Amino acid sequence: MDMIVDREPDLSIVGSVATLTLCRPSQHNRIAPEDCAVIDGLLARAAATPELRVLVITGTGAKTFSSGYTLGAILDQLDKRFEDMLDRLERFPLPTVCAMNGSVYGGATDLALCCDLRIGVRGSRMLMPASRFGLHYYPGGLRRYVGTLGLAAAKKLFMTARAIADEEMLRIGFLSDLVEPAALQDTVDAYVQDLLACAPGVLSTIKADLMDTAYGTAIPEVLRAHYQESLASPELARRLAAMGAGKAAG
(Lines give C-alpha, C1' and ligand atoms only; values in the text may rest on other atoms or scores of the structure.)
Protein backbone atom coordinates (compact mmCIF):
# COMPACT_ATOMS: atom_id res chain seq x y z
CA MET A 1 0.00 0.00 0.00
CA ASP A 2 1.34 3.42 -0.95
CA MET A 3 2.01 5.81 1.90
CA ILE A 4 -0.18 8.92 1.83
CA VAL A 5 2.01 12.02 1.81
CA ASP A 6 0.66 15.13 3.51
CA ARG A 7 0.23 18.01 1.07
CA GLU A 8 -1.80 21.13 0.44
CA PRO A 9 -5.51 20.88 -0.41
CA ASP A 10 -6.36 19.81 -3.93
CA LEU A 11 -9.30 19.92 -6.31
CA SER A 12 -10.62 17.27 -8.67
CA ILE A 13 -13.40 17.84 -11.18
CA VAL A 14 -15.42 15.00 -12.66
CA GLY A 15 -18.20 16.12 -14.94
CA SER A 16 -20.35 18.64 -13.10
CA VAL A 17 -19.03 17.87 -9.59
CA ALA A 18 -15.83 19.22 -8.02
CA THR A 19 -14.27 17.78 -4.86
CA LEU A 20 -11.95 19.89 -2.71
CA THR A 21 -9.95 17.64 -0.39
CA LEU A 22 -7.94 18.49 2.73
CA CYS A 23 -4.83 16.32 2.41
CA ARG A 24 -2.87 16.15 5.67
CA PRO A 25 -4.19 12.94 7.28
CA SER A 26 -1.18 12.44 9.56
CA GLN A 27 -1.88 15.93 10.99
CA HIS A 28 -5.66 15.44 11.15
CA ASN A 29 -6.07 17.51 7.97
CA ARG A 30 -5.08 20.73 9.69
CA ILE A 31 -5.42 23.97 7.73
CA ALA A 32 -2.04 25.72 7.42
CA PRO A 33 -1.83 29.51 6.96
CA GLU A 34 -0.64 29.08 3.38
CA ASP A 35 -3.63 26.86 2.65
CA CYS A 36 -5.92 29.89 2.74
CA ALA A 37 -4.50 31.17 -0.55
CA VAL A 38 -4.53 27.64 -1.97
CA ILE A 39 -8.20 27.12 -1.10
CA ASP A 40 -9.05 30.56 -2.48
CA GLY A 41 -7.39 29.58 -5.74
CA LEU A 42 -9.22 26.26 -5.87
CA LEU A 43 -12.55 27.98 -5.23
CA ALA A 44 -11.83 30.49 -8.00
CA ARG A 45 -10.91 27.65 -10.37
CA ALA A 46 -14.12 25.81 -9.51
CA ALA A 47 -16.28 28.93 -9.93
CA ALA A 48 -14.72 29.55 -13.35
CA THR A 49 -15.55 26.03 -14.61
CA PRO A 50 -18.72 26.47 -16.73
CA GLU A 51 -19.96 22.89 -16.44
CA LEU A 52 -19.62 22.75 -12.66
CA ARG A 53 -22.83 22.41 -10.65
CA VAL A 54 -21.83 21.19 -7.16
CA LEU A 55 -18.78 21.50 -4.89
CA VAL A 56 -18.00 18.78 -2.31
CA ILE A 57 -15.47 19.41 0.47
CA THR A 58 -13.98 16.48 2.36
CA GLY A 59 -10.87 15.25 4.15
CA THR A 60 -8.37 12.47 3.68
CA GLY A 61 -8.45 9.42 5.94
CA ALA A 62 -11.11 7.91 8.15
CA LYS A 63 -10.63 9.61 11.52
CA THR A 64 -10.71 13.40 11.24
CA PHE A 65 -12.32 15.72 8.73
CA SER A 66 -10.09 18.53 9.95
CA SER A 67 -8.47 19.69 13.18
CA GLY A 68 -8.79 23.31 12.11
CA TYR A 69 -6.18 26.04 11.85
CA THR A 70 -2.61 25.15 12.75
CA LEU A 71 -2.26 25.73 16.50
CA GLY A 72 1.31 26.98 16.22
CA ALA A 73 0.22 29.68 13.79
CA ILE A 74 -2.61 31.15 15.88
CA LEU A 75 -0.49 33.75 17.67
CA ASP A 76 1.16 35.36 14.65
CA GLN A 77 -0.56 34.02 11.51
CA LEU A 78 -4.26 33.89 12.31
CA ASP A 79 -5.12 36.96 10.28
CA LYS A 80 -7.88 38.10 7.94
CA ARG A 81 -6.91 35.67 5.19
CA PHE A 82 -8.51 32.77 7.07
CA GLU A 83 -11.75 34.62 7.79
CA ASP A 84 -11.86 36.09 4.28
CA MET A 85 -11.36 32.65 2.73
CA LEU A 86 -14.25 31.26 4.78
CA ASP A 87 -16.49 34.18 3.85
CA ARG A 88 -15.78 33.49 0.18
CA LEU A 89 -16.58 29.81 0.67
CA GLU A 90 -19.84 30.71 2.40
CA ARG A 91 -20.81 32.86 -0.60
CA PHE A 92 -19.63 30.37 -3.22
CA PRO A 93 -22.28 30.64 -5.95
CA LEU A 94 -22.90 26.90 -6.34
CA PRO A 95 -24.30 24.39 -3.82
CA THR A 96 -21.66 23.09 -1.41
CA VAL A 97 -21.69 19.77 0.43
CA CYS A 98 -19.32 19.08 3.32
CA ALA A 99 -18.59 15.34 3.49
CA MET A 100 -17.15 15.05 6.98
CA ASN A 101 -15.21 11.80 7.04
CA GLY A 102 -14.52 12.13 10.77
CA SER A 103 -14.43 14.52 13.71
CA VAL A 104 -14.08 18.26 13.30
CA TYR A 105 -12.38 20.82 15.52
CA GLY A 106 -11.76 24.55 15.85
CA GLY A 107 -11.75 26.61 12.69
CA ALA A 108 -12.75 23.59 10.63
CA THR A 109 -16.16 23.65 12.35
CA ASP A 110 -16.61 27.10 10.83
CA LEU A 111 -15.43 25.85 7.44
CA ALA A 112 -18.14 23.19 7.64
CA LEU A 113 -20.73 25.82 8.58
CA CYS A 114 -19.81 27.71 5.41
CA CYS A 115 -21.17 24.79 3.39
CA ASP A 116 -24.84 24.44 2.49
CA LEU A 117 -25.12 20.79 3.56
CA ARG A 118 -23.03 18.83 6.08
CA ILE A 119 -23.00 15.04 6.13
CA GLY A 120 -21.32 13.48 9.16
CA VAL A 121 -20.44 9.96 10.25
CA ARG A 122 -21.37 8.11 13.41
CA GLY A 123 -18.63 8.06 16.01
CA SER A 124 -17.47 11.58 15.15
CA ARG A 125 -17.55 14.64 17.38
CA MET A 126 -17.00 18.38 17.19
CA LEU A 127 -15.17 20.80 19.46
CA MET A 128 -14.75 24.57 19.50
CA PRO A 129 -11.80 25.16 21.91
CA ALA A 130 -11.22 28.89 21.26
CA SER A 131 -12.19 30.05 24.76
CA ARG A 132 -9.92 27.46 26.32
CA PHE A 133 -7.06 28.95 24.30
CA GLY A 134 -8.05 32.47 25.35
CA LEU A 135 -9.10 33.34 21.79
CA HIS A 136 -12.14 35.54 21.15
CA TYR A 137 -13.53 34.29 17.85
CA TYR A 138 -13.75 36.50 14.76
CA PRO A 139 -17.10 38.08 13.77
CA GLY A 140 -17.88 35.91 10.74
CA GLY A 141 -17.53 32.71 12.73
CA LEU A 142 -19.78 33.99 15.53
CA ARG A 143 -22.37 35.00 12.96
CA ARG A 144 -22.37 31.57 11.33
CA TYR A 145 -22.57 29.74 14.66
CA VAL A 146 -25.50 31.80 15.93
CA GLY A 147 -27.20 32.01 12.53
CA THR A 148 -27.03 28.26 11.88
CA LEU A 149 -27.06 26.66 15.32
CA GLY A 150 -28.88 29.26 17.40
CA LEU A 151 -27.76 31.30 20.38
CA ALA A 152 -28.12 28.56 23.02
CA ALA A 153 -26.04 26.02 21.11
CA ALA A 154 -23.43 28.63 20.19
CA LYS A 155 -23.11 29.66 23.85
CA LYS A 156 -22.63 26.07 24.97
CA LEU A 157 -19.99 25.32 22.35
CA PHE A 158 -18.01 28.54 22.75
CA MET A 159 -18.38 29.16 26.48
CA THR A 160 -17.69 25.62 27.72
CA ALA A 161 -15.29 24.43 24.99
CA ARG A 162 -16.94 21.06 25.52
CA ALA A 163 -16.95 18.45 22.76
CA ILE A 164 -20.29 17.15 21.58
CA ALA A 165 -21.02 13.80 19.92
CA ASP A 166 -22.62 12.88 16.62
CA GLU A 167 -26.28 12.78 17.69
CA GLU A 168 -26.11 16.21 19.29
CA MET A 169 -24.35 17.56 16.19
CA LEU A 170 -27.38 16.40 14.22
CA ARG A 171 -29.91 17.68 16.76
CA ILE A 172 -28.58 21.25 16.83
CA GLY A 173 -28.37 21.47 13.05
CA PHE A 174 -24.61 21.30 12.67
CA LEU A 175 -25.19 18.17 10.59
CA SER A 176 -27.77 17.91 7.83
CA ASP A 177 -27.50 14.12 7.95
CA LEU A 178 -25.70 11.47 10.03
CA VAL A 179 -24.72 8.12 8.52
CA GLU A 180 -22.51 5.14 9.13
CA PRO A 181 -18.95 5.70 7.86
CA ALA A 182 -19.38 3.06 5.15
CA ALA A 183 -22.43 4.93 3.83
CA LEU A 184 -20.84 8.39 3.63
CA GLN A 185 -19.93 8.35 -0.05
CA ASP A 186 -23.25 6.89 -1.17
CA THR A 187 -25.12 9.46 0.91
CA VAL A 188 -23.08 12.35 -0.47
CA ASP A 189 -23.65 11.03 -3.99
CA ALA A 190 -27.40 10.91 -3.34
CA TYR A 191 -27.42 14.53 -2.14
CA VAL A 192 -25.36 15.56 -5.16
CA GLN A 193 -27.85 13.86 -7.48
CA ASP A 194 -30.71 15.70 -5.78
CA LEU A 195 -28.89 19.01 -6.29
CA LEU A 196 -28.14 18.19 -9.92
CA ALA A 197 -31.82 17.48 -10.50
CA CYS A 198 -32.78 21.01 -9.49
CA ALA A 199 -32.68 24.05 -11.77
CA PRO A 200 -29.15 25.48 -11.44
CA GLY A 201 -30.16 29.12 -11.81
CA VAL A 202 -32.78 28.85 -9.08
CA LEU A 203 -30.34 27.05 -6.76
CA SER A 204 -27.91 29.94 -7.13
CA THR A 205 -30.44 32.69 -6.43
CA ILE A 206 -32.30 30.79 -3.71
CA LYS A 207 -29.03 30.10 -1.88
CA ALA A 208 -28.06 33.78 -1.94
CA ASP A 209 -31.54 34.94 -0.95
CA LEU A 210 -31.87 32.45 1.91
CA MET A 211 -28.56 33.61 3.36
CA ASP A 212 -29.41 37.29 2.95
CA THR A 213 -32.78 36.67 4.61
CA ALA A 214 -31.18 34.82 7.52
CA TYR A 215 -28.55 37.51 8.06
CA GLY A 216 -30.89 40.48 7.64
CA THR A 217 -29.25 41.76 4.46
CA ALA A 218 -31.98 40.81 2.01
CA ILE A 219 -33.31 43.47 -0.35
CA PRO A 220 -37.03 42.86 -0.91
CA GLU A 221 -36.88 44.10 -4.49
CA VAL A 222 -34.11 41.62 -5.32
CA LEU A 223 -36.01 38.71 -3.77
CA ARG A 224 -39.14 39.70 -5.70
CA ALA A 225 -37.15 40.04 -8.94
CA HIS A 226 -35.69 36.54 -8.55
CA TYR A 227 -39.17 35.16 -8.02
CA GLN A 228 -40.64 36.97 -11.03
CA GLU A 229 -37.69 35.97 -13.25
CA SER A 230 -38.23 32.32 -12.39
CA LEU A 231 -41.95 32.55 -13.18
CA ALA A 232 -41.14 33.91 -16.64
CA SER A 233 -38.23 31.58 -17.35
CA PRO A 234 -38.23 28.99 -20.15
CA GLU A 235 -36.65 26.61 -17.63
CA LEU A 236 -39.77 26.63 -15.46
CA ALA A 237 -42.02 26.07 -18.47
CA ARG A 238 -39.85 23.23 -19.74
CA ARG A 239 -39.68 21.47 -16.38
CA LEU A 240 -43.41 21.80 -15.73
CA ALA A 241 -44.17 20.44 -19.20
CA ALA A 242 -41.84 17.48 -18.58
CA MET A 243 -43.72 16.75 -15.36
CA GLY A 244 -47.04 16.79 -17.20
CA ALA A 245 -48.32 19.95 -15.53
CA GLY A 246 -51.71 20.97 -16.86
CA LYS A 247 -52.67 17.48 -18.01
CA ALA A 248 -55.79 15.95 -16.59
CA ALA A 249 -55.18 13.55 -13.73
CA GLY A 250 -55.57 9.86 -14.55
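The values are calculated or read from the model by the stated rules, or taken from the named source; none is laboratory data. Worth saying up front: this structure is predicted, and the values here are computed from it rather than measured. Here Cβ is always computed from backbone atoms with ideal geometry, including for glycine, and neighbour counts include all displayed protein chains.
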Scan of the range 144-183 for residues that are aromatic (Phe, Trp, Tyr) and part of a helix (DSSP H, G or I), ordered by number: Tyr145, Phe158
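Criterion first (farther than 21 Å from Arg24 by Cα and either surrounded by fewer than 22 Cβ atoms within 10 Å (Cβ to Cβ) or in contact (Cβ under 8 Å) with a residue 12 or more places away in the chain (or both)) does Phe92 satisfy it?
yes
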Residues of the range 91-139 classified as in a loop (DSSP other than H, G, I, E, B) and hydrophobic (A, V, I, L, M, F, W, C), total: 7
Test result for Ile74, at pLDDT below 95 and touching a strand residue (DSSP E or B) at 6+ places or on another chain (Cβ under 6 Å): no
Of all residues making up the range 6-42, the number that are hydrophobic (A, V, I, L, M, F, W, C), buried (at least 20 other Cβ atoms within 10 Å of the Cβ) and either assigned to a helix (DSSP H, G or I) or in contact with a His (Cβ under 8 Å, 6 or more places away or on another chain) (or both): 3
Within the range 166-199, tally of residues that are out of contact with any Leu (no Cβ under 8 Å at 6 or more places or on another chain) and either of a type in the set (Asp, Glu) or within 21 Å of Ile57 (Cα to Cα) (or both): 20
